1. Just to confirm the filter: which trypsin sites (Lys or Arg not before Pro) across region 154-241 are DSSP coil and have at most 10 other Cβ within 10 angstrom of their Cβ?
2. If you restrict to DSSP beta bridges whose two residues both lie in region 139-230, what percentage is antiparallel, to the nearest 5?
3. To the nearest 10 degrees, how steep is helix 75-86 against the longest Cα principal axis of the chain, on a 0 to 90 scale?
4. Mind listing which GluC sites (Glu not before Pro) in region 121-209 are in a DSSP loop and have 14 or fewer other Cβ atoms within 10 Å?
5. Provide Val163, Val96 ordered by accessible surface of protein heavy atoms (probe 1.4 Å), highest first.
6. Considering only the chain, what is the antiparallel percent among its DSSP beta bridges, to the nearest 5?
7. For Lys175, which aspartates and glutamates qualify as cross-link partners when the Cα separation must be under 16 Å and same-chain residues fewer than eight apart are set aside?
8. Could you please report the charge total around Ala209, scoring K, R as +1 and D, E as -1 over all other residues with beta-carbon less than 9 angstrom from its beta-carbon?
Amino acid sequence: MNGLNLARRDLLRTAAASAALLTSGFAAITLDAISSPAHAETTLDRLRKQGYARIAIANELPFTEVKPDGKVSGAAVEVARAVLKKLGIPDVVASVSEYGAMIPGLQAGRFDLVAAGLFIKPDRCAAVLFSEPDLCDSEGFIIKKGNPLKVESFADIAKNPKVRMGTPGGGTEEKLALEAGTPRDRVIVLPDAQSGITMLQDGRIDVYALPALSLRSLLQKAKDPSLELFTPVKGTPIYCAGAAFRKSDAKFRDAYDKVLAELKKDGEFKKIIEPWGFSAETTAMVTRKELCNRKS
Ligand code: 6CS
């Protein structure tokens with residue numbers, strides 16, 4: 001009897017246990033199905049629903065600009081706008097940020113992507129996902145006419161204690177100057193591009209360093225014959241920028257890349273960037289992979 005009962009009881013217990021397991025398991029499967037990645041709202045879903053993407057920019061023509069009426073433009077913004085529109089995100093809401101604050105801001109969720117002409121470099125590739133390259137440019141210096149301090153490279157700046165260099169915070173030029181050995185107190189971080197021109201004219205700095213196209217744009221506005229552009233800066237490569245995404249947004253970045261490739265293929269990309277002075281041909285010569293692995 002006991003044996004039978006035992007067996008029966010065990011049987012019942014086993015049956016009950018498996019029923020419970022099945023139910024809970026089923027419930028787990030059902031819950032999981034609802035909250036599974038397949039059903040979780042993606043960044044792309046969220047941006048399509050809200051109708052805009054929050055982008056970080058620097059307000060440095062021709063890459064990005066905030067016009068007097070508050071409208072945002074520039075080659076990097078217009079490329080991002082064209083791609084996002086085709087992804088079903090009709091608008092962008094831009095925030096001006098220092099280059100050094102863009103990646104932390106993106107990671108903290110203050111922006112949905114960076115579209116500022118952020119150069120694709122190994123250290124940054126470790127922190128964010130870049131699109132394929134969009135805008136390429138050489139490095140440049142604005143100096144006094146005749147280049148009296150003979151500044152042609154970041155090494156020249158480092159070895160001449162008389163040279164004070166201005167540049168944006170957290171940008172490539174600041175890094176290059178410090179890596180060349182320039183003491184921190186001779187690398188002056190400036191809040192915006194116009195400050196560079198003003199401080200050169202006031203004699204408070206001797207060199208203002210930015211990508212060459214940005215400096216050309218500043219000189220055209222300044223119309224100051226006492227200033228001149230030196231480019232390319234000796235010992236520096238051509239840098240190429242891309243849109244930057246959070247590491248968790250690989251699907252968004254891949255969707256962005258797919259559309260960017262279509263715009264490059266159908267000529268739309270060239271139409272967008274070349275009026276700003278950039279070359280689609282130069283961009284086509286390099287890939288994200290190469291830039292992320294380049295010995296900078
Ligand atoms: O990404 C960068 O570091 C650089 N990009 C631009 C467009 N300007 C200066 C900055 O250093």
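1. Values: sites: Lys159, Lys162, Arg164, Lys175, Arg184, Arg186, Arg204, Arg216, Lys221, Lys223, Lys234; in loops: Lys162, Arg164, Arg204, Lys223.
For trypsin sites (Lys or Arg not before Pro) across region 154-241 that sit outside H, G, I, E and B with at most 10 neighbouring Cβ atoms in 10 Å, the list reads Lys162, Lys223.
2. 55 percent
3. Compared with the principal axis, the helix lies near 30 degrees.
4. none
5. Working: Val163 0, Val96 95 Å².
Correct descending sequence by accessible area is Val96, Val163.
6. Working: 16 of 31 bridges.
Antiparallel: roughly 50 percent of the beta bridges in the chain.
7. Glu98, Asp123, Glu139, Asp156, Asp185
8. Value of the local net charge: -3.
The values are calculated or read from the model by the stated rules, or taken from the named source; none is laboratory data. All figures in this text were calculated on a predicted structure; none of them were measured in a lab. Note that each Cβ is placed from the backbone with ideal geometry, even for glycine, and that neighbours are counted across all protein chains shown. Heads up: the accessible areas ignore ligands, DNA and RNA and are worked out on the full protein's heavy atoms, side chains in. Shrake-Rupley method; radii C 1.70, N 1.55, O 1.52, S 1.80 Å.
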